[in-house]
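Down below is the structure, laid out as structure tokens.
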Amino acid sequence: MALRVKAVERLLKFDKESAGKYRYVMKPEMYSSLTQNKVIKEAALRSGVSQGVMKACWDAAGEVIKAWATEGHSVALPGLGTMRFGLRSKAVENVNEVKAGLITSRRIIFTPSTDLKDELAATAIIITCYDRDGKEVKRVTSTSGEIEEPENDQPENGGGNNPGGNPISTD
């Protein structure tokens, strides 16, 4: 298994007066969304439990996680880590100004387990680079957390519209 990433050449402007500079911006390629039914079917198959029983367990676990998380608990998600609710708010100097209206957003905070982080770090990554016209100009593949240049996989023009022919940074 490998994670697929796109590096797309984009014009980045840092202020309204700036002409901007082209840079390769990376983002994960999104796969299709898996429906709840697909996940339940696969979990039932892997566990040897019927789909009906798996759906009942899935629904019950979801209700328990929701109830406990909304009570302020950090809840374990099997094999993944923990999740909890959080918020962002404005700060005030005077305690008499504290009110619910200071809350600007409510969020879900996921903290991955060490095992999940380690697995992600060990997962290969395939980066496909596209120039500003949408043309593929380079592919980079890794087998671990480090990115290696594949042999004989450079485009003939030496990197397309990559300014100065410098390597694309993965930082």
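The values are calculated or read from the model by the stated rules, or taken from the named source; none is laboratory data. Remember, predicted model here, so these are calculated numbers, not experimental data. When we count neighbours, we look across all protein chains shown, and the Cβ atoms used for this are built from the backbone with ideal geometry, even at glycine. Ligands, DNA and RNA are stripped out before the accessible areas are found, and what is left, the full protein with its side chains, is counted by its heavy atoms. Shrake-Rupley method; radii C 1.70, N 1.55, O 1.52, S 1.80 Å.
Check segment 24-36 and report whether any residue there is exposed (fewer than 15 other Cβ atoms within 10 Å of the Cβ), touching a helix residue (DSSP H, G or I) at 6+ places or on another chain (Cβ under 7 Å) and either on the phi < 0 side of the Ramachandran plot or among the small types (Gly, Ala, Ser) (or both).
no
Of all the residues that make up segment 127-144, how many are more than 16 Å from LEU11 (Cα to Cα), open to solvent by 50 Å² or more (accessible area, probe 1.4 Å) and at pLDDT 90 or above?
Number satisfying all stated conditions: 2.
Which residues, counting only those in segment 10-45, are farther than 27 Å from THR123 by Cβ, outside any loop (DSSP other than H, G, I, E, B) and not hydrophobic (A, V, I, L, M, F, W, C)?
LYS21, TYR22, listed by residue number.
Take the conditions open to solvent by 70 Å² or more (accessible area, probe 1.4 Å), free of Cβ contacts under 8 Å to residues at least 40 places away in the same chain and touching a strand residue (DSSP E or B) at 6+ places or on another chain (Cβ under 7 Å) and apply them to ARG106. Does it pass?
Taking the combined requirement at face value, the residue satisfies it.
List the residue pairs whose Cβ atoms are under 9 Å apart, where the first residue sits in segment 7-18 and is under 14 Å from THR128 (Cα atoms), the second is charged (D, E, K, R) and not in a loop (DSSP other than H, G, I, E, B), and the two are 6 or more positions apart or on different chains.
Within 9 Å, the pairs are ALA7/LYS27; ALA7/LYS138; VAL8/LYS27; GLU9/ARG23.
Answer yes if at least one residue in segment 46-62 is part of a strand (DSSP E or B) and either without any contact (Cβ under 8 Å) to a residue 40 or more places away in the chain or surrounded by 13 or more Cβ atoms within 10 Å (Cβ to Cβ) (or both), and no otherwise.
No, segment 46-62 contains no residue that is part of a strand (DSSP E or B) and either without any contact (Cβ under 8 Å) to a residue 40 or more places away in the chain or surrounded by 13 or more Cβ atoms within 10 Å (Cβ to Cβ) (or both).
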